[in-house]
Amino acid sequence: MAGWNIAHDAHGARRVPSPGASVLLQTISRGALHQWAGTLVGLNEDALVLMVPPEALGALWRGAGQGVVVTLHEGGHEYVFDSVVLEIAEAPRPTVRLRVPDRIFPIERREYYRLTKLIRPRAAELLAGEEGARQPLRAVISNISGGGLQFLAPQPVSTGSLVRMEVPLSTLDDTLEVKVQVLAVRAPEEGRSLYRISGRFRDLPERDRRRLMQFIFREQIELRRRGLA
């Protein structure tokens, strides 16, 4: 099944999930995250079928076209992918048919699902030299994952530099502080003035990585709901 292609699999192998694998569905309704535990009961080249609790088929499900994020537990590992609802059914049991995803991402690897969206950090600064030496930095995040981010800035920074950012995870006061070690700097394209700077997170606690990934999943669901992804 071509659709089930694990990103950056070390051996180039494809994993086809088995019926009976447990799943966690997540979707957005009225600005809130909702999730249900379910079971994979069938799959083919066009769709996969999940058995879900009856309450998952209530008013929160808009039916065909609704975006979801699914966490799949298979063979002692966790994988994540986003998809779109094709059809829901109440009988003979509550089920949801989803479009087969293009790729699924192993959560335990350092390859992470990536959100492409402009996010303005609540604070950003370059940690220069000795401890405590900080230089304010004008930056806008252009994409982010559980492993790192890319940001746009009007001035370059040196490869290997350390940048501290406060990333907003919601419209409220939920903020995640991260340190980003710069890996690559791309000069502005012709006619543009911003540098593209990519880096990986340094010393990010696993609990904070999980918070960040939940934020990314919620945002991806909302983008799909609005037809922007």
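The values are calculated or read from the model by the stated rules, or taken from the named source; none is laboratory data. Because the structure is predicted, anything quoted here is derived from the model rather than measured. We place every Cβ from the backbone using ideal geometry, glycine too, and count neighbours over all the protein chains shown. For the accessible areas, the whole protein counts, side chains as well, though only heavy atoms, and no ligand, DNA or RNA atoms are used. Shrake-Rupley method; radii C 1.70, N 1.55, O 1.52, S 1.80 Å.
Remarks
- Among residues of the stretch 135-152, those that are closer than 14 Å to Ile216 by Cα, part of a loop (DSSP other than H, G, I, E, B) and open to solvent by less than 20 Å² (accessible area, probe 1.4 Å), counted: 1
- Meets criteria (modelled with pLDDT of 80 or more and open to solvent by 40 Å² or more (accessible area, probe 1.4 Å)) for Leu43: yes
- If you go through the stretch 158-182 and keep only what is surrounded by fewer than 13 Cβ atoms within 10 Å (Cβ to Cβ) and over 15 Å from Gly148 (Cα atoms), you end up with Ser158, Ser170, Thr171, Leu172, Asp173, Asp174.
- Among the residues of the stretch 153-179, just one is part of a strand (DSSP E or B), over 18 Å from the mean Cα position of the chain (by Cα) and among the β-branched types (Val, Ile, Thr), namely Val163.
- Pairs where the first residue, in the stretch 183-196, is touching a residue at least 12 places away in the same chain (Cβ under 8 Å) and open to solvent by 70 Å² or more (accessible area, probe 1.4 Å) and the second is of a type outside the set (D, E, K, R) and part of a loop (DSSP other than H, G, I, E, B), C-beta under 7 Å, 6+ apart: Leu183/Thr159; Ser193/Pro154; Leu194/Pro154; Leu194/Pro188
- Of residues in the stretch 1-34 being modelled with pLDDT of 75 or more and surrounded by fewer than 16 Cβ atoms within 10 Å (Cβ to Cβ), the one nearest to Leu57 (Cα to Cα): Leu24
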